[in-house]
Every structure is written in structure tokens, then in C-alpha cells.
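The values are calculated or read from the model by the stated rules, or taken from the named source; none is laboratory data. This is a predicted model, so every value here is computed, not measured. Cβ placement follows ideal geometry from the backbone for every residue including glycine, while neighbour counts extend to all protein chains displayed. Ligands, DNA and RNA are stripped out before the accessible areas are found, and what is left, the full protein with its side chains, is counted by its heavy atoms. Shrake-Rupley method; radii C 1.70, N 1.55, O 1.52, S 1.80 Å.
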Amino acid sequence: MATVMQKIKDIEDEMARTQKNKATAHHLGLLKAKLAKLRRELLTPTSKGGGGAGEGFDVTKSGDARVGLVGFPSVGKSTLLNKLTGTFSEVAAYEFTTLTCIPGVIMYKGAKIQLLDLPGIIEGAKDGKGRGRQVISTARTCNVILIVLDAIKPITHKRLIEKELEGFGIRLNKTPPNLTFRKKDKGGINFTSTVTNTHLDLETVKAICSEYRIHNADVSLRYDATADDLIDVIEGSRIYTPCIYVVNKIDQITLEELEILDKLPHYCPISAHLEWNLDGLLEKVWEYLDLVRIYTKPKGLNPDYEDPVIVSSKKKTVEDFCNRIHKDMVKQFKYALVWGSSVKHKPQRVGKEHELEDEDVVQIIKKI
Ligand SMILES: Nc1nc2c(ncn2[C@@H]2O[C@H](COP(=O)(O)OP(=O)(O)OP(=O)(O)O)[C@@H](O)[C@H]2O)c(=O)[nH]1
Ligand SMILES: [Mg+2]
């Protein structure tokens with residue numbers, strides 16, 4: 001392990017030493033690819049060595065969605081979990097109070113949201129320091145990540161945590177790169193682009209590909225992609241997670257300082273201790289989770305508005321809805337009656353490919 005970490009450090013040092021310009025672009029691209037490969041090696045260690053370094057904490061996923069609290073020690077993650085879920089996780093003024101993953105549950109708009117309190121991470125977590133790797137592995141399983149920051153600590157902390165998560169293949173508030181990468185049997189590296197590229201050129205693309213021993217491929221860009229974007233696509237297994245920066249302890253800063261924070265994107269200022277703006281935070285979490293509530297209507301009865309079935313806005317067909325209820329339901333499916341914004345008529349008869357909208361009412365008609 002030490003050798004992989006040493007190699008990572010050497011490459012990072014070399015990148016820091018290398019001036020960024022046209023002549024060095026391909027060399028930097030190559031170094032970035034090497035770095036991505038080494039980080040992946042850290043994630044999936046060979047059989048020898050400590051037990052499953054790439055594994056997260058053993059907490060069962062439950063409810064409709066999972067939200068994780070990530071941050072440096074003593075920023076107030078446990079305080080926040082306690083206030084939002086009523087679960088007990090020890091709070092103390094000293095660092096590294098929480099040593100394992102503590103789950104709690106938030107009931108919100110009829111959805112059951114699992115909130116995970118995680119141990120504080122330290123710089124270098126992605127390279128194997130502390131329990132950070134386990135923390136970040138668990139963060140990978142979350143539908144939304146809350147990066148908790150301390151209002152009185154420097155804003156550079158935000159950048160450090162982002163770096164840790166990025167080093168582990170988590171992309172925050174990003175969409176997958178809009179570029180095609182296709183391996184071929186022959187023909188060399190073919191590079192095309194529909195826009196002007198300021199980051200990538202043929203030479204850099206070739207350098208990156210050669211690091212992966214890929215000598216024949218079509219690479220086509222539809223936007224000004226970076227070397228990191230291309231590496232993400234080649235590496236695969238990147239996770240794209242929405243993230244909210246929760247700035248805690250705002251009871252310790254001035255109104256002027258708060259106004260500056262208010263303008264930043266993806267931010268939510270709170271005081272966990274004094275319970276300031278926790279409703280605002282929940283609303284934002286709900287927005288970032290992007291969930292769809294579907295009410296069921298048994299035949300001849302009123303819809304059940306108390307207990308919606310929750311699906312993700314990316315998987316919201318009638319079939320997805322059926323699968324959330326029971327794995328065999330779709331086998332018996334004949335058609336569905338839908339009331340709500342996804343249809344024109346009330347009710348409308350739809351098939352299992354139909355996409356539902358938030359707060360639709362659905363009645364499933366089974367085959368006899
Ligand atoms: N002033 C102020 N203090 C807070 C607030 N929230 C938490 N604290 C204090 O900050 C300290 C650390 O809180 P914890 O909730 O234990 O922090 P943590 O992030 O879980 O820390 P680790 O488990 O060590 O990673 C405690 O002394 C809390 O009382 C807040 O909103 N304002
Ligand atoms: Mg804690």
C-alpha cells in the first residue's frame with residue numbers, strides 16, 4: 001500500500017512542478033491518467049493486505065433514499081443528525097467523536113429518508129489515511145451528499161473535502177461528460193469535436209489512451225471537455241451525486257458574513273445547535289433528491305395520500321412504480337389508470353412504459 005501511496009505523491013509532486021501550457025498538456029494528461037489508475041488500485045486492493053479497503057460501513061440501506069453527512073471533525077455532523085432524526089449520536093467538543101456510521105431516519109412528505117452520520121474525514125482520506133476511505137466508500141452509496149462545513153473555519157476546507165471525494169470517483173453536482181469514446185480494432189486514435197477545444201488536442205488524447213494501452217479508438221466531443229473528463233469516461237465507475245454545502249454554526253458569524261454565504265450555489269446555512277433553518281435544509285435536500293410521490297388507489301376506494309410510493313425522477317415509469325410495490329407485480333399487469341399531471345384525461349388508461357409525475361394517483365388493473 002505504501003508504495004502505491006508513494007507513487008501517487010510522486011505524480012502529484014511532478015504535476016505541481018510542471019508548468020501548464022500547450023507543450024506540456026499531453027504530459028499532464030498522461031500524469032492524470034496514471035493518477036486515476038493508481039487511485040483505482042487503492043480502491044480495489046489485491047487479495048493480500050487488509051480486509052476490503054474499498055468497503056464502506058456495514059449499514060443496511062433502508063427507506064426511499066440515502067443522504068450522507070461528510071465533513072471534517074467537529075463541524076457538527078452528529079448534532080445535525082440528532083436534531084433532524086432524533087437518533088442519538090454522541091456530540092462532543094473534541095475531534096473524532098464519531099467513529100462509525102450512525103444511521104437515522106427522516107420522515108418527509110411521506111418519504112423515508114435515511115440520514116447517515118459519518119466519522120470526520122481528514123485530508124488524504126482518498127489515499128488511505130484514517131477511516132476516510134470507508135467514509136468515502138459509504139458516501140458513494142448516497143443519493144445526496146451533505147458536505148458539512150464550519151462557518152468559522154476557512155472556506156478552503158470545502159475545496160479539501162471536494163478533492164477527497166473526487167479522488168474517489170465521486171463527481172459532485174455534475175452530469176456525466178457529454179463525449180463518446182469507442183474502442184476499435186484498428187485505425188488508430190481518431191479525434192473529432194463539434195466545438196473549439198481549449199483543453200484537449202489529439203496529442204493529449206493519444207497520451208491518455210496510451211496509458212490505458214488503447215491504440216485504436218474514436219473520441220468525439222460535443223463540448224469543451226477536459227483531460228479529467230476523458231479519463232472519467234475511460235475509467236468508468238464514476239458516481240454523479242448531487243451535493244449541498246451545509247454551512248453550520250452560523251450563530252458564530254456576523255450578518256454581513258452570512259449574506260456572502262447566501263449567494264453561493266448549492267449552499268445552505270444553518271445552526272444545528274440552535275435549530276436555525278433546518279426546515280430550509282430539508283426542503284433543499286428534498287429538491288436535490290428529486291423524488292416522485294405516487295399515490296395508490298385501490299379499486300373502489302379513495303387514494304392513499306398518507307403513504308406514497310416513492311420513485312426516482314429518473315426511473316418513474318409505471319413499471320418502476322410496480323417494481324417498488326412488489327417484484328412480481330409487473331407480471332400480472334394489464335394496464336393502469338392514472339390521474340394527475342402526467343395525463344390529459346381523468347383517469348387515463350396507460351401502459352407500463354408511461355412516465356409518471358409527482359403526486360399522480362395510480363390504479364393498477366391486473367390480468368385475471
Ligand atoms: N456554536 C455552535 N456549535 C455547534 C453547532 N453545532 C454543533 N456545535 C458544537 O460543535 C462541536 C462538535 O459537534 P459534533 O456534532 O460532535 O461534530 P461532528 O462533526 O459530529 O464531529 P466528529 O464526530 O468528531 O467528526 C460540539 O461541541 C457541538 O456542541 C452550532 O450550530 N453552533
Ligand atoms: Mg460526530
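Given labels modelled 7 Å from the Cα in the Cβ direction, how far is it in nm from D304 to A23?
In this crude label model, D304 to A23 measures out at 7.1 nm.
Based on the Cα gyration tensor of region 60-106, what are the three equivalent ellipsoid semi-axes, each the root of five times an eigenvalue, rounded to whole Å and given largest first?
Value: 19, 11, 9 Å, ordered largest first.
Helix-only mean residue ellipticity at 222 nm, the chain, DSSP H runs n ≥ 4 weighted -39,500 (n - 2.57), per residue, nearest 500. What is it? Before the final figure, lay out the partial values.
Values: 10 runs with 111 residues, N = 368.
After summing the helix terms and dividing by residue count, I get -9000 deg cm²/dmol.
To the nearest Å, what is the center-to-center distance of region 257-314 and region 203-242, using C-alpha atoms only?
Using only Cα atoms, the two centres lie 35 Å from each other.
Consider all pairwise Cα distances in the chain and report the whole-number % of them above 37 Å.
Working: 23545 of 67528 pairs.
Across the chain, Cα pairs with separations above 37 Å total 35 percent.
Put +1 on the Cβ of each Lys and Arg and -1 on the Cβ of each Asp and Glu in the chain; which of I102, A23, G71 then has its Cα farthest toward the positive end of the dipole?
Positive-most Cα among the choices belongs to A23.
Nothing charged except the Cβ atoms of Lys and Arg (+1) and of Asp and Glu (-1): what's the magnitude of the dipole of region 291-366 about its Cα centre? Round to the nearest 20 debye.
On the way: 15 positive and 12 negative charges, 76 e Å.
For this selection, approximately 360 debye.
Put R40, R140, R66, R182 in order of accessible area, largest first, 1.4 Å probe: what do you get?
The ranking, largest first, comes out as R182, R40, R140, R66.
List the lysines whose alpha-carbon lies under 16 Å from that of K352, not counting same-chain residues fewer than 8 positions away?
K314, K315, K316, K327, K331, K334, K366, K367
Dividing the Cα radius of gyration by the Kirkwood radius, what Rg/Rh value follows for region 204-268?
The Rg/Rh ratio comes out at 1.28.
Please compute the per residue accessible area over the chain with all protein chains in place, 1.4 Å probe, rounded to a whole number of Å².
Working: 19450 Å² over 368 residues.
Per residue, the chain has 53 Å² of solvent-accessible surface.
Provide the gained length on full extension for the span L274 to I325, in nm with one decimal, where the gain is 0.36 nm per separating residue minus the Cα-Cα distance.
Details: separation 51, 0.36 × 51 = 18.36 nm, distance 3.92 nm.
Taking 0.36 nm per residue and subtracting the Cα distance, the gain is 14.4 nm.
Toward the positive end of the charge dipole of region 260-309, about the Cα centre and with charges on Cβ (Lys, Arg +1; Asp, Glu -1), which of N277, L289, P265 goes farthest?
Going by the Cα projections, it comes out as L289.
Assign unit charges at the C-beta atoms only (+1 for Lys and Arg, -1 for Asp and Glu), then state the dipole size of the chain relative to its Cα centre in Debye, rounded to the nearest 20.
1600
Which whole-number value in Å³ per residue fits the convex hull of the alpha carbons of region 269-357?
127
Using a 1.4 angstrom probe on heavy atoms only, work out the carbon and sulfur share of the accessible area of the chain in %.
51
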